[in-house]
Amino acid sequence: MSNLEGQPAEVELPVETDAAPCAELLEGRDVPLGRYTVVRRSLPNKSRRTVGAWCFLDHFGPEDVTGKPGMRVPPHPHIGLQTVSWLLGGEVRHRDSLGSDQVIVPGQLNIMTSGRGISHSENSPSEKPPILHGLQLWVALPAEERDRAAAFQHIADLPELDDGAARITVAVGELEGARSPATVYSELLGADIRLAGSTGLRVRPDFEHAVVVTEGRARVEGVDVAPGSLLYLGAGRDRIEFAADGAARLFLLGGVPFEEELVMWWNFVGRSHEDIVAARDDWMRGAERFGTVPGGEQPLPAPGLPTTRLMPRPRHRRL
Ligand code: MN
């Protein structure tokens, strides 16, 4: 167990049993996304629903979209979250009800804050590169921020680190002294790591961490990780060791464990059944809360609600 920097050696972190260092390899599952593509979903997972405030993680591709529509996600709403779009290949055009119209390419970040309501579409441009590959993540907004105004931020230039064995882009938060300009509302880390050897990264012991591999295979803290699964590392670490025999690419997630219980349903993150019912009703009746996405595409209808009440859930399965 490590101490926080600048703390006397005898002061230990007040970790709970579930916040100690661990190495749980959690299997993702395949989920159809629209009519054209399948994604691997790592969060929420059966046993771990969040890593810090990261509450959703889809890995799509690499897929050859030559002669195909590519990404086709018509206008749909969000509440209570931020969407983080990270491309490894291809291009995606984001349009939202604030009027944002932004093509994203690999190495850039799109981060959209839904606050109490926004809608957006995500489509491959008509002229597109052959390979589509990326991550779609959501960040849960804390209770005091979840009703804030919607916002959209595009960041073309992110800080990079290079130690010879790894080239790292800090997409969200701070790592090894490099800080992303992305606006987030909890203590959070998201970093892309291109690995060609062995390296160790200093991390915050008050964060829990997890890793997905997006290309190749890697060993993280001695555990083999390949695309499709999420390695949950717990909290209480001050360093994470990475190694790859060939080239590998990973995404490192971290954050202060998110203690609020969430209700996640469709594209909504709320705190109660009533939050979700109200958001669904507002979307279906075209309420002003969600605005209109330019482009004239038919919006996605919400699915039917389950017949049982949606229950708030903690960040991990109750032990
Ligand atoms: Mn979306």
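Derivation of every value follows stated rules applied to the coordinates shown; laboratory data play no part. These figures come from a predicted structure and were not determined experimentally. Neighbour counts run over all protein chains shown; Cβ positions are idealised from the backbone, glycine included.
Summary of values
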{"read-out": "Length gained when the stretch THR66-THR183 is fully extended (0.36 nm per residue, less Cα-Cα span)", "value": "38.7 nm"}
{"read-out": "Computed [θ] at 222 nm, deg cm²/dmol, the chain (DSSP H ≥ 4; -39,500 (n - 2.57); rounded to nearest 500)", "value": "-1000 deg cm²/dmol"}
{"read-out": "Radius ratio Rg over Rh of the chain, counting only Cα atoms, Kirkwood formula for Rh", "value": "0.96"}
{"read-out": "HN-Hα J in Hz across region 148-158 - Karplus 6.51, -1.76, 1.60, θ = phi - 60°, x for Gly and Pro", "value": "5, 5, 5, 7, 9, 10, 10, 10, 7, 10, 10"}
{"read-out": "Relative packing of 252-262, 92-102, which averages over residues the other C-beta atoms within 10 Å, highest first", "value": "252-262, 92-102"}
{"read-out": "Built amide H within the under 5 Å cut-off of VAL92, gap 5+", "value": "ILE104"}
{"read-out": "Residues whose placed amide H lies under 5 Å from that of TRP265, excluding near-sequence neighbours", "value": "GLY270"}
{"read-out": "Principal axes of region 93-162: Cα extent on each, largest first, Å", "value": "41, 35, 17"}
{"read-out": "Cα-Cα separations in region 51-114 greater than 16 Å, expressed as whole percent", "value": "54"}
{"read-out": "Label-point gap, in nm, between ASP147 and GLU27 - each point 7 angstrom along Cα→Cβ", "value": "4.3"}
{"read-out": "J(HN,Hα) series, region 305-311, from Karplus relation 6.51 cos²θ - 1.76 cosθ + 1.60, nearest Hz, glycine and proline x", "value": "6, x, 7, 9, 5, 6, 10"}
{"read-out": "Three-way shape label, region 258-319, alpha-carbon gyration tensor, a/c 1.5", "value": "prolate"}
{"read-out": "Net charge contributed by nearby residues that have their C-beta within less than 10 Å of ARG41 (K/R +1, D/E -1)", "value": "0"}
{"read-out": "FRET efficiency, 1/(1 + (r/R0)^6) with R0 51 Å, evaluated for ASP163 and LEU305 via beta carbons", "value": "0.55"}
{"read-out": "Derived scalar couplings ³J(HN,Hα) [region 237-254; Karplus, 6.51 cos²θ - 1.76 cosθ + 1.60; whole Hz; x for Gly, Pro]", "value": "9, 10, 7, 10, 9, 10, 8, 9, 6, x, 8, 9, 10, 9, 10, 9, 10, x"}
{"read-out": "Sequence-distant residues sharing a close amide H with ILE118 (under 5 Å, placed H)", "value": "HIS78"}
{"read-out": "Shape category assigned to region 25-86 from the gyration tensor of Cα positions, a/c cut at 1.5", "value": "oblate"}
{"read-out": "Shape of region 153-259, Cα gyration tensor, a/c cut at 1.5", "value": "oblate"}
